[in-house]
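K.L.:
Before I ask anything, here is the structure I am working with.
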Amino acid sequence: MLGIGGAIQAGVFVMLSYASDLAGTAIIVALLVCGIINFLTMCSYAELGSAIPKAGGEYTFAKAAYGGFVSFLTGWFEWISNMFFAALSSVGFAYIISYIIPVNVPLTAILTIIVFAFINIRGVEEVGKSQVLMVGTLLAILIAFILNGLIIPGAGTLQLSSPGGPLGVIQATAYIFVVYLGVEAIAVAQAEIKNPGKTIPRAILLSAIVLFVIYPLTAYVMLRIVPPEAISGQYSSLIYVAQLSMGDFGKVALVIAGVIAAMSSVNTSIMAQSRVAYALSRDGYFPKVLLNLHKKFSTPYVAVVVGSIFTAVLAATGVINFVGYATDFGFIIGFALVNLSLMKLRRDKPLLDRPFKTPFYPFTPIAGIVTSLFLLIFIDVGVLSLGIVLSILAVVAYYIRMVGYVRIRVAFGGISIGLGIFTVMLTYLIASGAMPLNDVSPTTFTAIFFILLFTSIILMIAGLLNATAKSSEF
Amino acid sequence: MSIRRKVSIAIGLAQSVIGALATVFAYLLYHDFLGIRALLSVTSKDVVLYMLTLIVFGLLSIISGLFLVSEQ
């Protein structure tokens with residue numbers, strides 16, 4: 001249930017319209033291709049998840065296989081990707097609910113994250129009890145939508161065509177790949193699951209198969225009812241089509257389904273990012289404060305809060321396409337590294353107990369690597385640039401651990417002092433009139449002066465304190 | 001708790017808050033909430049530069065402040 005609940009997410013409700021702009025009716029092909037690519041890597045997750053039952057998922061797998069920088073890189077991208085995923089799901093939730101209640105999308109997304117941060121601090125068991133009911137309801141509504149769409153006459157077309165040709169289909173595949181994400185979160189939370197050797201592979205593969213059936217059918221039904229042009233620009237093409245085919249009842253039902261999907265995936269991804277951060281902290285790459293467990297619930301509440309803050313900042317942008325592509329990028333890198341980890345462990349540790357073994361090895365992981373990396377070429381250029389920046393930050397973060405806490409702290413002390421001196425100079429230039437603030441009222445001028453003065457004092461004192469830091473435990 | 005520790009926590013919190021406010025301010029400037037651009041006479045051309053400056057300043061301040069707060 002954790003896998004299906006986390007995988008049927010807001011993406012399928014809010015991303016199909018742009019995807020159909022790219023691929024037209026061939027979006028069905030794009031979804032099938034995504035499902036196949038996803039399944040290839042889920043086999044690796046199933047084997048590694050059952051063989052290495054520890055919290056951290058992909059990071060733990062890469063650590064067992066490679067260690068060092070490769071494992072850190074895997075954990076880094078999984079951590080960031082899950083935050084992007086949570087942001088995407090929360091923004092999707094806001095767009096979905098706007099069909100019933102007018103809302104401020106960024107604010108609603110932020111509030112959603114805050115609520116689920118609190119829920120995650122309470123622990124997986126608490127979530128699991130309600131999630132079974134929620135996922136069951138979600139599946140029932142989607143199945144009803146599909147069955148209704150197969151029966152009623154429609155104005156759409158079943159002829160596969162893509163306005164962008166084969167390139168459009170590939171671009172749509174790269175964009176829509178995110179709708180299959182979430183199943184791998186099972187592997188991240190495995191330390192909290194009973195009998196992981198059997199449960200993990202079964203849950204992962206069953207979830208992947210369920211999605212492979214449901215998503216293309218959903219798109220098929222949608223395009224059977226209306227042509228692709230009709231859903232272009234819609235916040236949620238599924239809700240729009242449900243209203244056309246099932247009236248207001250359909251609209252409300254799909255809104256409920258979308259809300260459940262979005263809430264489940266927000267919950268799953270916040271949980272997943274906190275567990276990855278916990279694992280990275282356990283190994284010294286992140287501050288030890290992230291290891292702190294809640295006294296009552298025994299959950300890594302600091303990791304939950306820190307990740308949720310970053311997620312809220314991302315969600316505040318309210319831009320679905322950017323966050324969707326960014327999520328794709330991070331997970332594709334992570335997927336490639338997981339497949340590589342599987343192959344390395346098969347070679348280095350052939351006698352490792354593996355309750356589940358990937359079928360058709362080594363074809364399956366190799367195909368998973370090649371096909372998922374191929375999709376990277378077609379991701380939005382802006383996101384690829386961001387990905388490069390994140391990779392550089394990963395190198396810097398890894399290097400910080402190698403250099404040591406005290407040196408980095410002294411460096412930040414120097415940075416603070418420098419910023420303090422700069423702010424003092426800025427304050428002087430503004431006060432003396434050398435840098436005039438045109439058309440600013442006297443009250444605003446005074447406020448700016450005192451804010452800058454106060455800031456410069458704080459910065460310089462902070463800089464001195466950090467620069468004179470003694471060696472201490474990180 | 002020593003005096004240095006107390007001062008470190010106070011200054012660290014202050015610096016982190018300043019950094020967070022700078023980042024929030026960058027967001028407000030981007031969306032021009034409450035006519036803030038007109039209030040500060042910031043042209044559309046200069047907004048990106050101000051935002052970049054505020055975000056970089058904010059992040060550095062937050063990190064530096066956290067170092068002080070988490071000092072052992």
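K.L.:
If residue A:405 passes every condition in (1) under 30 Å from residue A:73 (Cβ atoms); (2) free of Cβ contacts under 8 Å to residues at least 60 places away in the same chain; (3) crowded, with 17+ Cβ neighbours inside 10 Å; (4) more than 7 Å from chain B (Cβ to nearest Cβ) but one, which one does it miss?
P.N.:
(2)
K.L.:
Could I ask something else about it? If I ask for residues that are more than 12 Å from chain B (Cβ to nearest Cβ), of a type outside the set (A, V, I, L, M) and within 44 Å of the chain's Cα centre (by Cα), which ones from segment A:423-437 would you list?
P.N.:
Of everything in segment A:423-437, just one residue is more than 12 Å from chain B (Cβ to nearest Cβ), of a type outside the set (A, V, I, L, M) and within 44 Å of the chain's Cα centre (by Cα), namely A:427.
K.L.:
Ok, one more. Determine, yes or no, whether residue A:318 is of a type in the set (Gly, Ala, Ser), within 17 Å of the chain's Cα centre (by Cα) and more than 14 Å from chain B (Cβ to nearest Cβ).
P.N.:
no
K.L.:
Hey, among A:247, A:197, which residue is touching a residue at least 40 places away in the same chain (Cβ under 8 Å) and either buried (at least 19 other Cβ atoms within 10 Å of the Cβ) or not hydroxyl-bearing (Ser, Thr, Tyr) (or both)? Give the derivation first.
P.N.:
On the way: A:247 fails: touching a residue at least 40 places away in the same chain (Cβ under 8 Å).
Step by step, each of A:247, A:197 is checked, and only A:197 is touching a residue at least 40 places away in the same chain (Cβ under 8 Å) and either buried (at least 19 other Cβ atoms within 10 Å of the Cβ) or not hydroxyl-bearing (Ser, Thr, Tyr) (or both).
K.L.:
Given the criteria at pLDDT 90 or above, surrounded by 24 or more Cβ atoms within 10 Å (Cβ to Cβ), touching an Asp or Glu at 6+ places or on another chain (Cβ under 7 Å) and in the same structural domain as residue A:59 (by TED's automatic domain parsing), does residue A:304 qualify?
P.N.:
No; evaluated as a whole, the condition is false for this residue.
K.L.:
Please work out if residue A:389 is among the β-branched types (Val, Ile, Thr), closer than 23 Å to residue A:280 by Cβ and out of contact with any Pro (no Cβ under 6 Å at 6 or more places or on another chain).
P.N.:
Yes.
K.L.:
Taking the stated definitions as given, is residue B:1 more than 10 Å from chain A (Cβ to nearest Cβ), without any contact (Cβ under 8 Å) to a residue 60 or more places away in the chain, surrounded by fewer than 19 Cβ atoms within 10 Å (Cβ to Cβ) and not in a helix (DSSP H, G or I)? Talk me through it step by step, then tell me what you get.
P.N.:
Working: more than 10 Å from chain A (Cβ to nearest Cβ): yes; without any contact (Cβ under 8 Å) to a residue 60 or more places away in the chain: yes; surrounded by fewer than 19 Cβ atoms within 10 Å (Cβ to Cβ): yes; not in a helix (DSSP H, G or I): yes.
The answer is yes for residue B:1.
K.L.:
Also: Pick from segment A:200-234 the residues that are assigned to a helix (DSSP H, G or I) and of a type in the set (Gly, Ala, Ser): which of them is surrounded by the fewest Cβ atoms within 10 Å (Cβ to Cβ)?
P.N.:
The qualifying residue surrounded by the fewest Cβ atoms within 10 Å (Cβ to Cβ) is A:230.
K.L.:
Let me ask something else about it. Consider residue A:240 carefully, then state whether it is modelled with pLDDT of 90 or more, more than 30 Å from residue B:71 (Cα to Cα) and not hydrophobic (A, V, I, L, M, F, W, C).
P.N.:
Answer is yes for this residue.
Rundown of residues vs (1) part of a helix (DSSP H, G or I); (2) at pLDDT 85 or above; (3) at the interface with chain A (Cβ under 9 Å from one of its Cβ atoms), yes/no style:
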| site | (1), (2), (3) |
| --- | --- |
| B:7 | yes, yes, yes |
| B:11 | yes, yes, yes |
| B:21 | yes, yes, no |
| B:25 | yes, yes, no |
| B:36 | yes, no, no |
| B:42 | no, no, no |
| B:46 | yes, no, no |
| B:49 | yes, no, no |
| B:65 | yes, yes, yes |
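K.L.:
Take segment A:273-302 and flag every residue that is under 16 Å from residue A:58 (Cβ atoms) and among the aliphatic types (A, V, I, L, M).
P.N.:
A:276, A:277, A:279, A:280
K.L.:
Continuing with this model, one more query. Would you check if there is a residue in segment A:448-463 being out of contact with any Gly (no Cβ under 7 Å at 6 or more places or on another chain) and assigned to a loop (DSSP other than H, G, I, E, B)?
P.N.:
No; the residues of segment A:448-463 include none that is out of contact with any Gly (no Cβ under 7 Å at 6 or more places or on another chain) and assigned to a loop (DSSP other than H, G, I, E, B).
K.L.:
Here's a check for you: in segment A:438-462, which residue that is surrounded by 14 or more Cβ atoms within 10 Å (Cβ to Cβ) and hydroxyl-bearing (Ser, Thr, Tyr) is farthest from the other protein chains (Cβ to nearest Cβ)?
P.N.:
The extreme case among them is A:456.
K.L.:
Do we have any residue at all in segment A:345-367 that's under 20 Å from residue A:62 (Cα atoms), buried (at least 24 other Cβ atoms within 10 Å of the Cβ) and among the polar types (S, T, N, Q)?
P.N.:
Looking for residues that are under 20 Å from residue A:62 (Cα atoms), buried (at least 24 other Cβ atoms within 10 Å of the Cβ) and among the polar types (S, T, N, Q), one finds at least one in segment A:345-367, hence yes.
K.L.:
Do the conditions hold for residue A:469, that is, is it surrounded by 11 or more Cβ atoms within 10 Å (Cβ to Cβ), of a type outside the set (S, T, N, Q), more than 10 Å from every other protein chain (Cβ to nearest Cβ) and farther than 16 Å from residue B:18 by Cβ?
P.N.:
Here the answer is no, as residue A:469 does not meet what is asked.
K.L.:
Could you list, in sequence order, all residues of segment A:277-291 that are under 24 Å from residue A:112 (Cα atoms) and either surrounded by fewer than 20 Cβ atoms within 10 Å (Cβ to Cβ) or more than 16 Å from the chain's Cα centre (by Cα) (or both)?
P.N.:
Matches in segment A:277-291: A:278, A:290.
K.L.:
Would you check if there is a residue in segment A:420-435 being assigned by TED's automatic domain parsing to the domain that holds residue A:461, at pLDDT below 80 and outside any helix (DSSP H, G or I)? Break it down into steps so the answer makes sense when it comes.
P.N.:
Narrowing segment A:420-435 to residues assigned by TED's automatic domain parsing to the domain that holds residue A:461: A:420-435.
Filter once more, keeping what is at pLDDT below 80: A:435.
From what is left, the residues that are outside any helix (DSSP H, G or I) are A:435.
Scanning segment A:420-435, I find at least one residue that is assigned by TED's automatic domain parsing to the domain that holds residue A:461, at pLDDT below 80 and outside any helix (DSSP H, G or I), so the answer is yes.
The values are calculated or read from the model by the stated rules, or taken from the named source; none is laboratory data. Everything numeric in this text was worked out from a predicted model, so none of it was measured. Note that we place each Cβ from the backbone using ideal geometry, even for glycine, and neighbour counts take in every protein chain shown.
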